[in-house]
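The values are calculated or read from the model by the stated rules, or taken from the named source; none is laboratory data. As the structure is a prediction and not an experimental result, all values here were calculated from the model. Glycine gets a Cβ as well: all are built from the backbone with ideal geometry, and neighbour counts include every protein chain shown. Areas reflect the complete protein model, heavy atoms only, side chains present, ligands, DNA and RNA absent. Shrake-Rupley method; radii C 1.70, N 1.55, O 1.52, S 1.80 Å.
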Amino acid sequence: MFYRESGDFSETYPADSQTFPIKFDRYRYYAVLVVAFLIIPFIINDYWANAILVPFLIYAIAAIGLNILVGYCGQVSLGTGGFMAVGAYACYKLMTTFPDVSIMFHILISGGITAAVVTLFGLPSLRIKGFYLAVATLAAQFFLVWLFNRVAWFYNYSASGQINAPDRTVFGHLVTGPNTDAWAKYMICLVFLTFAGIVARNLTRGSLGRKWSAIRDMDIAAEIIGVNPLSAKLSAFAISGFFIGISGALFFSVYLGAVEVGEAFGIQKSFLVLFMIIIGGLGSVFGSFAGAAFMVLLPVLLKNVLVGGLGWDTALAAHLEFVIVGALIIIFLIAEPHGLAQLWRVAKEKLRLWPFPH
Amino acid sequence: MFDQPESFVTSDGRTIGGVMMEMKNITLRFGGVVAIQDISFDIREGEIRAIIGPNGAGKSSMLNVISGFYNPQEGEVWYKGERRPSMKPFEVARQGIARTFQNIALFEGMSVLDNVMTGRLNHMKAGILSQAFWYGSAQREETENREVVERVLDFLEIQHIRKTPVSRLPYGLKKRVELARALAADPKILLLDEPMAGMNVEEKEDMSRFILDVNDEFGTTIALIEHDMSVVMDISDRVVVMDYGKKIGDGTPKDVRSNQAVIDAYLGVAHD
């Protein structure tokens, strides 16, 4: 079976506007879902969960969130780390204040709280654009980290200043705390990522997504066709914040278990997620997945090749890893400034005519 | 011949309705510069109204006043028999006034279809939950509005490029897509800022035909700015002539052509 666009003709408008208009894509999507939900949980081990899959799933949620704001609505943000911290601390406070409520709700509500906070920090976007907005969100990043360090109420006055995730269960299975099984961590993150991916895709193909893209491409023209810039921009901040908050909550409660805010949610986290969406592709949900996978896998891959394959010293490899990852990012962006998603689109266009060049 | 308040039929058989929009003594200043000085005119339902004048006459400023980008220091804008308070451009758009720009203002990152679909945004009301799960009203709305958009695409003969990113299109087609986007909004008044600027003769003919067809088929009232005199004289019902921010003529193309002030402005006499 060839991968082709030709031969698939839509006969109705809903069929034409679906997420995967090509049959082959659709089947592959179902296949990925089946593998992710029904096969991987049974073969996953601790190493795969902690080193690769769980961080990938969580970062993909954050990347989807940031991509909505930066890639779709064109509002640059450097506050992702701080916003993830809001999600983490909101989740911590909820988990300790309402121990009887399911953690699923806690995570969702943490997303909601983060959405409100991010919207607040999005208010300057109505006046300033581009680099200046980036600086404003940078201020949010430093302010939030400072806040969670200074105000003891946020970490329940613990002596270390850290927050620790208590044990919580979903359907009787432990999902947080040190004794959690690899598959349970993986599953809860996967459920939220699937939810985030579907919602993000639906929002960006509908009328809200068009409003965002219109604001991104030319705000004056967007206004003249009746888009209220205030509500369009703030809704992008809110929804972006919702997903980033969920990813922050998962990052703390499921992945790390114990968090010191400056370390886990510092400025480097903001840049990491920003790199993910730039490398993956701005304005593309698929790009968010690809970018997260790239940035999570690359260091692991390099470590395996350098230490395992070439027998280098671990410390030397760890330092060189930074250099190599950085260089690869630069090379990649020179070769394909629009990211992995664009690479995929180009390949698809080539395939449409393959094997005949004209 | 245009003093009658109610609708009437012109000599070439076109029906013109009552006054849709009226500009009363508009004055617009930028600091010390007076861009528009005490101008009044009206736009009647169903007509094609042209605003002409030499460079810097204040035509585009006038259009920007109508579409809400500028708020005049003096004067009133009346729309559908009511005085319009000062408004933001998106509020004006929601009242049924759509426009195109002199320098194309399309969304370059989106396909032709998505660009034209943005014209329907004011007609889409589905809630965020419905959109998030692509269920119920969001899906229904998408299909309904897609049908409207497809009719517009068909009308302007750009169906074949509906999935093409706008950034790949040649200039003439971009102008047509911009017209499509404005038209998709189903406007009461359509403002066109130099719809034929930079076009060759063939493209101009196409565009003139589309403007006349839009007016004819949908009954859309059109106000346009244009430099090409022969086009203006051919397609418009009434013409306002501006020079240095002042109105120097107003009437049918025939009246305007024989107006001495207009001839002076265009052929040039010494201003004292």
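Past 22 Å, Cα to Cα, is the threshold; run B:LYS88/B:LYS246; A:LYS348/B:LYS163; B:LYS24/B:LYS88; B:LYS188/B:LYS246; A:LYS23/B:LYS163 against it and keep the listed order. Before the final figure, lay out each step's value.
Working: B:LYS88/B:LYS246 25 Å; A:LYS348/B:LYS163 15 Å; B:LYS24/B:LYS88 19 Å; B:LYS188/B:LYS246 27 Å; A:LYS23/B:LYS163 18 Å.
In this structure, B:LYS88/B:LYS246; B:LYS188/B:LYS246 lie more than 22 Å apart at Cα.
Please identify every one of the GluC sites (Glu not before Pro) in segment B:1-80 that sits in a loop by DSSP and has no more than 13 other beta carbons within 10 Å of its own beta carbon.
Within segment B:1-80, the qualifying GluC sites (Glu not before Pro) (loop, at most 13 other Cβ atoms within 10 Å) are B:GLU6.
Taking only pairs that are 8 or more places apart or on different chains, how many Lys pairs in segment A:44-266 have Cα atoms under 24 angstrom apart?
Taking the Cα cut-off of 24 Å, the pair count is 4.
Give the aspartates and glutamates reachable from A:LYS350 as a straight Cα distance under 19 Å; neighbours fewer than 8 places away on the same chain don't count.
A:LYS350 reaches A:GLU5, A:ASP8, A:ASP25, A:GLU336.
Beyond 15 Å, how much of the Cα-Cα pair distribution for segment B:1-90 remains, as a whole percent?
Beyond 15 Å sits 63 percent of the P(r) for segment B:1-90.
Once you have a ≥ b ≥ c as the square roots of the Cα gyration tensor eigenvalues for the protein assembly as shown, tell me rounded if a/c is under 1.5, and otherwise prolate or oblate according to whether a/b is larger than b/c.
In terms of gyration-tensor shape, prolate.
Measure off 7 Å from each Cα along the Cα-to-Cβ vector at A:PHE131 and A:THR194, then give the distance between these two points in nanometres to one decimal.
Taking the simple label geometry, A:PHE131 and A:THR194 are separated by 4.5 nm.
Just checking the output field for B:179-191: average partner chain Cβ neighbours within 10 Å of each residue's Cβ?
1
Name the helices (complete DSSP H segments) of chain B with a Cα length along the long axis of 15 Å or more and a Kyte-Doolittle mean of at least -1.0, or state none.
Those that pass (Cα extent of 15 Å or more, hydropathy at least -1.0) are B:171-184, B:201-218.
Find the accessible area per residue for the protein assembly as shown; the probe is 1.4 Å, ligands and nucleic acids are left out, and the unit is Å².
Solvent-accessible surface per residue comes out at 46 Å².
Chains B and A: buried accessible surface, both sides, probe 1.4 Å, rounded to 100 Å²?
That pair hides around 3000 Å² of surface in total.
Helix check for chain A. Which DSSP H runs span at least 24 Å along their own axis by Cα, with a mean Kyte-Doolittle hydropathy no less than 0.5?
Working: long enough: A:80-97 (25 Å, 0.71); A:103-122 (28 Å, 1.92); A:130-150 (30 Å, 1.30); A:182-205 (34 Å, 1.07); A:229-250 (32 Å, 1.39); A:285-303 (28 Å, 1.92); A:314-335 (30 Å, 2.40).
Qualifying helices, which must be both long enough and hydrophobic enough, are A:80-97, A:103-122, A:130-150, A:182-205, A:229-250, A:285-303, A:314-335.
Quick one: check the C-alpha center-to-center distance for segment A:36-75 versus segment A:174-249, whole angstrom.
Cα centres, segment A:36-75 to segment A:174-249: 14 Å.
Using only C-alpha positions, report the orientation-averaged shadow area of the convex hull of segment B:108-185, nm², one decimal.
5.0
Identify all aspartates and glutamates with a Cα-Cα distance to B:LYS80 below 17 Å; exclude those on the same chain that are fewer than 8 residues away in sequence.
Straight-line reach from B:LYS80, under 17 Å: B:GLU6, B:GLU22, B:ASP42, B:GLU45, B:GLU47, B:GLU91, B:ASP186.
Could you compute the net charge surrounding B:ARG162? Neighbours are other residues with a C-beta less than 11 Å from the C-beta of B:ARG162; K and R count +1, D and E count -1. Write out the running numbers ahead of the final one.
Working: positive: B:ARG146, B:LYS163; negative: A:ASP16, B:ASP114, B:GLU150, B:ASP154.
After counting each charged neighbour, the total is -2.
Any chance you could list P(r) for segment A:49-101, counting all Cα-Cα pairs in 10 angstrom bins from zero, rounded to whole %?
Going from the shortest bin to the longest, the percentages are 21, 37, 33, 8, 0.
Report, ordered by chain and residue number, the aspartates and glutamates lying within cross-link reach of B:LYS125, taken as a straight Cα distance under 15 Å and ignoring same-chain residues fewer than 8 apart.
Those aspartates and glutamates meeting the cut-off are B:GLU141, B:GLU142, B:GLU144.
In peptide B:104-112, what is the residue-averaged number of other protein chain Cβ atoms found within 10 Å of each Cβ? Spell out each step's value before the answer.
Numbers: counts 2, 7, 4, 10, 3, 10, 7, 0, 0.
Across the residues of B:104-112, the mean count of other-chain Cβ atoms within 10 Å is 5.
Using a 1.4 Å probe over the heavy atoms of the protein chains, calculate the carbon and sulfur portion of the accessible area of segment B:131-218 as a whole percent.
Of all accessible area on segment B:131-218, carbon and sulfur atoms account for 46 percent.
From the Cα gyration tensor of segment B:82-153, with a ≥ b ≥ c the square roots of its eigenvalues, which class applies: rounded if a/c is under 1.5, or else prolate if a/b is larger than b/c, or else oblate?
oblate
Rounded to the nearest angstrom and ordered from largest down, what semi-axes does the equivalent ellipsoid of segment A:151-194 get from its C-alpha gyration tensor (root of 5λ)?
Equivalent-ellipsoid dimensions as semi-axes: 26, 12, 9 Å.
Which three numbers, in whole Å and largest first, are the semi-axes of the equivalent ellipsoid of chain A derived from its Cα gyration tensor as √(5λ)?
In descending order the semi-axes read 32, 27, 22 Å.
Which is the longest part of chain A that has none of the trypsin sites (Lys or Arg not before Pro) sitting in a DSSP loop with at most 16 other Cβ atoms within 10 Å?
A:130-358
From the Cα gyration tensor of segment A:1-133, with a ≥ b ≥ c the square roots of its eigenvalues, which class applies: rounded if a/c is under 1.5, or else prolate if a/b is larger than b/c, or else oblate?
Details: a/c = 2.26, a/b = 1.29, b/c = 1.75.
Oblate is the answer for segment A:1-133, as a/c is 1.5 or above yet b/c matches or exceeds a/b.
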